[in-house]
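Encoded as structure tokens, the structure appears first; notes follow it.
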């Protein structure tokens with residue numbers, strides 16, 4: 001290593017001089033240190049006169065120095081590694097000692113300076129740390145401070161040497177450390193130059209590839225690399241983990257999101273979608289996603305490749321555009337239906353005040369019949385459904401098979417949206433009360449409908465159909481026959497992508513928390529329970545409410561782990577209330593998807609055991625629509641929960657289609673009146689009648705009745721007069737973090753009405 005260093009630059013016959021010339025920014029180290037440390041020529045002359053005495057006195061320092069080296073495990077390991085590589089560790093230790101003591105010997109400053117710099121470089125090469133050489137100099141200084149009073153040196157000179165020796169050692173130490181720095185800096189610069197050269201070559205190669213490439217950090221949900229073509233396309237503004245999501249055709253976004261979610265889960269995948277990049281013409285692109293897995297088995301990065309394949313499938317697109325009729329049903333296909341929709345939108349724009357209604361329909365039992373009875377029967381069923389739907393719609397409307405078991409109905413410009421839509425929905429639902437016949441079997445079929453209206457729910461055919469499908473999916477989740485599009489509760493594809501990599505990390509990072517809303521006895525104002533409500537403390541968006549969390553979690557398959565977390569967390573908090581002297585139960589909402597999980601009772605039992613509380617401290621809330629979705633399953637789950645002592649509450653009661661015959665035979669304990677009937681109950685006679693009926697029904701069946709959404713004193717007083725048992729709402733208290741709720745319980749356990 002020393003030889004290679006000396007081989008750089010011109011030396012004029014003197015290697016040391018050559019190095020000093022080569023090192024122009026740090027020339028004359030000693031001269032600078034002599035000035036900074038005020039080392040005068042007279043002092044150095046004094047040191048010269050006593051060098052022999054000092055060197056002779058340091059003979060005992062060898063043992064101290066050797067002990068310092070070999071008593072330090074880290075230093076000793078480096079020395080033994082040097083020996084294992086064929087070096088002489090004794091010789092190395094002696095050379096280090098000699099180098100250290102040379103500060104007391106007479107030598108040319110330039111030569112000594114180069115020795116110190118070279119020593120620093122060699123220390124770096126051998127793995128010596130700067131702190132070790134500092135410790136060695138400190139050890140020598142301590143030894144000299146002890147030695148000096150024992151030497152035969154006149155008092156004034158001893159005083160001068162006592163001041164001079166620390167500065168001499170500081171000078172040598174400083175120059176040695178500069179050698180460390182120069183060597184480290186030189187190696188770092190060489191590494192950086194090598195890396196920069198390789199990166200430059202890679203970037204040159206990637207910039208010439210006619211595809212768009214980028215990499216996404218899943219945990220941070222940000223783009224960490226984008227090649228030059230992609231940066232040029234978007235002007236360097238890559239705010240989304242998938243820059244082209246907004247440019248992707250609406251019809252293709254779901255399969256893109258599915259592929260993305262698979263990649264986040266660690267699976268390599270490809271998908272072909274239509275995109276209009278930077279407002280250019282729509283092209284077909286193949287998107288390849290390659291996840292990078294860390295040592296913990298989690299996806300850390302997803303590498304993305306987007307390539308234009310329009311030329312490969314252009315002929316296929318043209319053939320598809322020529323085909324306007326679905327061969328199986330004889331109905332217009334999606335392409336023709338889209339044309340009809342665009343024409344309807346244009347006509348509606350020319351007739352101010354008119355609207356266009358888009359209805360998306362899905363056959364609930366199709367997959368079951370198709371899988372069990374065969375594809376031939378499935379095809380027959382699709383034709384029969386199409387025929388029955390075609391007999392319902394008017395000639396001015398448009399019916400289409402959009403794909404699979406999905407159909408679309410387009411209501412041409414109408415003035416009264418609700419009236420026209422309800423008319424069609426009623427006819428559709430009534431028509432499918434009659435089963436289909438297949439050989440000796442009766443095939444019962446029901447539909448789920450989603451409705452979106454122009455212009456309130458979208459101004460383009462893509463957005464309208466997407467929103468209608470979102471409403472349909474929400475209706476399926478809630479077990480309802482139909483739903484109108486609701487921008488608050490329906491999940492857009494952009495939202496799914498936005499939260500796709502963050503929601504799982506949010507659980508791991510404890511970003512979720514629960515707030516508790518008190519439930520108060522209307523007669524005594526005593527707190528008798530609390531409903532646990534989910535909040536997401538998003539690092540970038542602040543508090544995210546359940547209306548945005550639950551739909552996205554269900555779409556991404558995150559509802560089960562979130563429900564498990566809510567159960568355990570709320571029950572542990574309930575245990576804390578009990579320890580503090582307040583024995584009140586906690587209510588937890590269970591989504592339709594979680595309720596359909598056959599392992600739900602087992603999870604609840606595990607959560608009760610984990611928290612150390614009995615079943616009567618937990619109340620499970622399910623919506624009326626969820627209850628009616630599968631009565632047989634509900635009966636089985638309710639029975640198992642009752643065995644655990646868990647109570648059951650029917651949430652949002654009054655908005656669904658419950659049958660009294662089912663209600664009276666299920667182990668239900670509580671009816672919760674939907675807040676839509678309570679918020680204006682003091683002013684609306686119809687709401688009063690509904691609330692009174694629900695209270696009487698609940699009491700006649702032996703249930704407790706809870707009113708949600710109590711927002712003012714008038715509603716409170718009216719509910720008291722109507723005989724309602726319990727209330728919750730902002731008039732009583734908004735949902736509180738656990739600490740504030742505990743404080744509230746500890747203070748009085750009562751709230752003013």
_Checking the condition surrounded by 14 or more Cβ atoms within 10 Å (Cβ to Cβ) and without any contact (Cβ under 8 Å) to a residue 60 or more places away in the chain, which residue from 454, 436 passes?_
436
*Please enumerate the residues belonging to segment 700-727 that are under 14 Å from residue 681 (Cβ atoms) and in a loop (DSSP other than H, G, I, E, B).*
708, 709, 710, 711, 712, 723, 724
*asked:* With the structure loaded, tell me whether residue 154 is farther than 17 Å from residue 101 by Cβ, assigned by TED's automatic domain parsing to the domain that holds residue 77 and without any contact (Cβ under 8 Å) to a residue 60 or more places away in the chain or whether it fails that test.
replied: yes
*Set 443, 449: member being within 28 Å of residue 466 (Cα to Cα) and at pLDDT 85 or above*: 449
*Kindly check whether there is at least one residue in segment 254-275 that is touching a residue at least 12 places away in the same chain (Cβ under 8 Å), more than 30 Å from residue 506 (Cβ to Cβ), more than 19 Å from the chain's Cα centre (by Cα) and outside any strand (DSSP E or B).*
no
*Any chance residue 587 is within 30 Å of residue 260 (Cα to Cα), touching a residue at least 24 places away in the same chain (Cβ under 8 Å) and in contact with a strand residue (DSSP E or B) (Cβ under 9 Å, 6 or more places away or on another chain)*: no
*Have a look at 469, 513 and point out the one that is at pLDDT 85 or above and surrounded by fewer than 16 Cβ atoms within 10 Å (Cβ to Cβ).*
513
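Listed here are the residues, each with its yes/no results for (1) part of a helix (DSSP H, G or I); (2) crowded, with 21+ Cβ neighbours inside 10 Å; (3) without any contact (Cβ under 8 Å) to a residue 60 or more places away in the chain.
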{"residue": "573", "(1), (2), (3)": "yes, no, no"}
{"residue": "578", "(1), (2), (3)": "yes, no, yes"}
{"residue": "583", "(1), (2), (3)": "no, no, yes"}
{"residue": "603", "(1), (2), (3)": "yes, no, yes"}
{"residue": "608", "(1), (2), (3)": "yes, yes, yes"}
{"residue": "616", "(1), (2), (3)": "yes, no, yes"}
{"residue": "632", "(1), (2), (3)": "yes, no, yes"}
{"residue": "636", "(1), (2), (3)": "yes, no, yes"}
{"residue": "645", "(1), (2), (3)": "no, no, yes"}
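Quickly run through segment 73-89 and pick out the residues that are part of a loop (DSSP other than H, G, I, E, B) and more than 49 Å from the chain's Cα centre (by Cα).
Going residue by residue through segment 73-89, those that are part of a loop (DSSP other than H, G, I, E, B) are 85-88.
Correct list: 86, 87, 88.
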*Sort out for me the strands (runs of 3 or more DSSP E) sitting completely within segment 501-555 that have 2 or more residues that are without any contact (Cβ under 8 Å) to a residue 60 or more places away in the chain and touching a strand residue (DSSP E or B) at 6+ places or on another chain (Cβ under 6 Å).*
527-538, 542-544
_Scan of segment 538-563 for residues that are in the same structural domain as residue 600 (by TED's automatic domain parsing) and under 24 Å from residue 743 (Cβ atoms), ordered by number_ = none
*Filter result (part of a loop (DSSP other than H, G, I, E, B) and crowded, with 19+ Cβ neighbours inside 10 Å) within segment 230-244*: 238, 241, 242, 243, 244
*Quick check, is residue 527 in the same structural domain as residue 598 (by TED's automatic domain parsing) and in contact with a helix residue (DSSP H, G or I) (Cβ under 9 Å, 6 or more places away or on another chain)?*
yes
*Exclusive hit being surrounded by fewer than 20 Cβ atoms within 10 Å (Cβ to Cβ), under 60 Å from the mean Cα position of the chain (by Cα) and assigned to a helix (DSSP H, G or I), set 101, 117*: 101
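Could you grab me the full set of residues in segment 368-403 that are in a loop (DSSP other than H, G, I, E, B) and in contact (Cβ under 8 Å) with a residue 24 or more places away in the chain?
The initial filter retains those residues of segment 368-403 that are in a loop (DSSP other than H, G, I, E, B), namely 374, 391-397.
Once the filter is applied, which keeps residues that are in a loop (DSSP other than H, G, I, E, B) and in contact (Cβ under 8 Å) with a residue 24 or more places away in the chain, segment 368-403 yields 391, 392, 393, 397.
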*Looking at (1) crowded, with 21+ Cβ neighbours inside 10 Å; (2) closer than 22 Å to residue 535 by Cα, can you tell me which one residue 627 breaks?*
(2)
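The values are calculated or read from the model by the stated rules, or taken from the named source; none is laboratory data. Bear in mind that the values here come from a model prediction, so they are computed numbers and not experimental data. Neighbour counts are summed over all protein chains in view; Cβ atoms, including those assigned to glycine, are modelled from backbone coordinates with ideal geometry.
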